[in-house]
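Peer 1: The structure under discussion is supplied below as structure tokens; questions concerning it will follow.
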Amino acid sequence: MTDDIDRRVLLAARGWLGTPYRHQGSSKGVGCDCLGLLRGIWRELRGPEPEAPGAYATTWSLRAGPDRLLAAATRHLAAIPIADARPGDVLLFRWRASAPATHCAVVDEDGRIIHAYEGAAVVSTALPRSWRGRIAGAFRFPE
């Protein structure tokens, strides 16, 4: 059973399904990337964003360096154990052990995630087994 904030996050995330993928975008129905999806959900539920993400290249996942996404999530969302993640919570992913987290998704029901899929749109897909070991953190939106 999810609480009210999880239900609201999940409902908001589902409202973004079909939004085209656009690097650094955060406009529902117009275009967004994975971070833009979370930014848009934040604005729908909480109002103005607490900080601007700054520019980031499409290749940022290929580099080492500061874990900016994880640090921002820690500042603005509530960290939870990965095993406790439920629909409406946020997962961050890193593609290599030494790399920063560079992808985020909202947990959907039935083992699925809602995320902006590069080259496509915001979709609800099964959480691939290969991605489960790449989860860098789990978070819950604040009330």
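Peer 1: Determine the dipole magnitude for the chain: charges of +1 sit on the beta-carbon of Lys and Arg, -1 on that of Asp and Glu, nothing else is charged, the reference point is the Cα centre, and the result goes in debye to the nearest 20.
Peer 2: Charge dipole of the chain: 380 debye, to the nearest 20.
Peer 1: Most fluctuating residue of ILE113, ILE82, ILE41 in a GNM of the chain with Cα springs under 10 Å: which is it?
Peer 2: Looking only at ILE113, ILE82, ILE41, the biggest GNM fluctuation is shown by ILE82.
Peer 1: Once amide H atoms are placed 1.01 Å from N in the peptide plane, what residues at a sequence separation of 5 or more from LEU127, or on another chain, have their amide H within under 5 Å of its amide H?
Peer 2: Hits under the 5 Å cutoff: ARG112, ILE113.
Peer 1: Also: How high is the FRET efficiency between VAL30 and GLU51 when r is their beta carbon distance and R₀ equals 25 Å, given to the nearest 0.05?
Peer 2: 0.70
Peer 1: While we're looking at this one, here's another question. Contact order normalised by length for segment 48-117, with contacts defined as Cα pairs under 8 Å and 6 or more residues apart; what percent is it?
Peer 2: Relative contact order comes out at 29 percent.
Peer 1: For segment 9-143, what does the relative contact order come out to in percent, with C-alpha contacts under 8 Å and a separation of six or more?
Peer 2: Relative contact order for segment 9-143 comes out at 29 percent.
Peer 1: What full-extension length gain, to one decimal in nm, is calculated for ARG112 and ARG86 as 0.36 nm per residue of separation minus the Cα-Cα distance?
Peer 2: 8.3 nm
Peer 1: Looking at the chain, send over the antiparallel percent of its DSSP beta bridges, to the nearest 5.
Peer 2: That works out to approximately 95 percent antiparallel.
Peer 1: What whole number of Å gives the distance from the Cα centroid of segment 79-106 to the Cα centroid of segment 4-34?
Peer 2: Spelled out, the Cα-based centre of one part sits 17 Å from the other.
Quick note: the coordinates plus some simple rules give every number you see, no bench work behind them. This one's a predicted model, so the numbers in the text were calculated from it and none came from an experiment. With ideal geometry, Cβ positions are generated from the backbone for all residues, glycine too; neighbour counts draw on all protein chains shown.
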